[in-house]
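Contents: one structure, followed by commentary.
The values are calculated or read from the model by the stated rules, or taken from the named source; none is laboratory data. Just so it is clear, the structure is predicted and the values come from calculations on it, not from any experiment. No Cβ is skipped: glycine too gets one built from the backbone with ideal geometry, and neighbour counts run over all protein chains shown. The accessibility values were calculated without ligands, DNA or RNA, using every heavy atom of the protein model including side chains. Shrake-Rupley method; radii C 1.70, N 1.55, O 1.52, S 1.80 Å.
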Amino acid sequence: MKGLFITFEGNDGSGKSSALQTVKQELLELGYDVIYTREPGGSPIAEKIREVILDKENVGMDPKTEALLYAASRREHIVKTILPALEAGKVILCDRFLDSSLAYQGYSRDLGLENVLEMNQFATEGLYPDLTILVCTRPEIGMSRIKKDERDMDRLELEKMTFHNKVYDGYIALSEKFKDRIVVINGEQTKEQVLSDVKNVLYPFIKERI
Ligand code: TYD
């Protein structure tokens with residue numbers, strides 16, 4: 001594959017998405033062939049599955065159903081968006097991917113990391129990101145940022161603090177397991193510092209390879 005597949009991960013309110021939007025804009029201005037995409041979603045059918053997953057009315061969704069829906073939307077996303085972009089030599093900046101399923105469904109929903117990894121293997125056929133930037137912010141800080149924004153919370157965000165704490169611990173465990181691929185950034189700093197740390201990791205990585 002000619003392109004680069006870079007994912008951004010983090011617990012809710014970690015600050016990953018705002019850093020991601022800024023670097024996307026800068027990289028485009030620098031002339032890189034960048035595409036931004038996200039999960040769940042990132043292609044027409046995957047976006048429809050997203051609506052079902054995040055719908056606040058779908059309380060009580062079975063955890064395995066939830067994990068399968070994320071994997072189904074991931075499969076569509078890979079086939080329709082990610083693989084064609086990699087073939088075309090683009091730099092893909094993706095907001096969430098497989099690690100989200102491992103942290104949220106594997107750890108926090110207690111389905112087990114290995115089970116969720118194995119189930120996703122059917123969807124991903126072994127596709128991993130070239131680099132994953134994990135923005136870590138303790139859940140009490142992340143959730144208070146979301147509440148301050150006064151926007152509507154989706155079904156996952158409405159979960160209790162114990163759920164968010166387990167997501168956070170899951171991400172820390174993943175950063176150990178996938179040391180070669182995951183770089184951890186401290187999301188508790190100012191927006192500017194987070195952005196600067198993200199750039200210090202991301203830009204040399206891209207320059208070396210493209
Ligand atoms: P989104 O609004 O995209 O969240 P964010 O802005 O935090 O990235 O909502 C996605 C939610 O779905 C988020 O709470 C994380 C969760 N999620 C999973 O539980 N498993 C997954 O595989 C993915 C991709 C997301």
Checklist entry - What is the list of residues in region 112-137 whose amide nitrogen lies under 17 Å from a point 7 angstrom out from the Cα of residue 173, following Cα to Cβ? => result 112-120
Checklist entry - Which percent of the accessible area of region 55-143 is formed by carbon and sulfur heavy atoms (probe 1.4 angstrom)? => result 54
Checklist entry - Looking at the P(r) of the chain, how many percent of alpha-carbon pairs lie beyond 31 Å? => result 14
Checklist entry - Could you give the dipole magnitude of region 27-132 about its Cα centre, charging the beta-carbon of Lys and Arg +1 and that of Asp and Glu -1, in debye to the nearest 20? => result 140
Checklist entry - Across the Cα atoms of region 1-41, what radius of gyration and what greatest pairwise Cα-Cα distance (Dmax) are found, in Å? => result 11.4, 33
Item to check | residue 55/residue 115 FRET efficiency (R0 22 Å; Cβ-Cβ; nearest 0.05) | outcome: 0.35
Next on the checklist: Give me the percent relative contact order of region 48-189, please, defined on Cα pairs under 8 angstrom at least 6 residues apart.
Outcome noted: 31
Checklist entry - P(r) tail for region 54-130, what percent of Cα pairs lie past 16 Å? => result 51
Checklist outcome for this item: Here the averaged projected area of region 1-113, based on the convex hull of its alpha-carbon atoms and given in nm², is 7.4
Next on the checklist: Could you order the peptides 128-137, 193-202 from most to least packed, using the average number of other C-beta atoms within 10 Å per residue?
Outcome noted: 128-137, 193-202
Checklist entry - Could you give the accessible area per residue of the chain, probe 1.4 Å, as a whole number in Å²? => result 49
Checklist entry - What are the extents of the Cα atoms of region 134-174 along their three principal axes, listed from largest to smallest and rounded to whole Å? => result 31, 17, 14
Checklist entry - Under a point-charge model restricted to the Cβ atoms of Lys and Arg (+1) and Asp and Glu (-1), what is the dipole moment magnitude of region 24-74 relative to its Cα centre, in debye to the nearest 20? => result 140
Item to check | Accessible area of residue 181 in the full protein assembly, 1.4 Å probe (Å², nearest 10) | outcome: 20
Checklist entry - So how many Å³ per residue does the convex hull of the Cα atoms of region 116-210 work out to? => result 144
Item to check | Surface/4 of the Cα convex hull for region 97-165, nm² | outcome: 5.5
Item to check | Residue range of the chain that is longest and free of GluC sites (Glu not before Pro) which are both DSSP loop and sparsely packed (at most 13 other C-beta within 10 Å) | outcome: 58-124
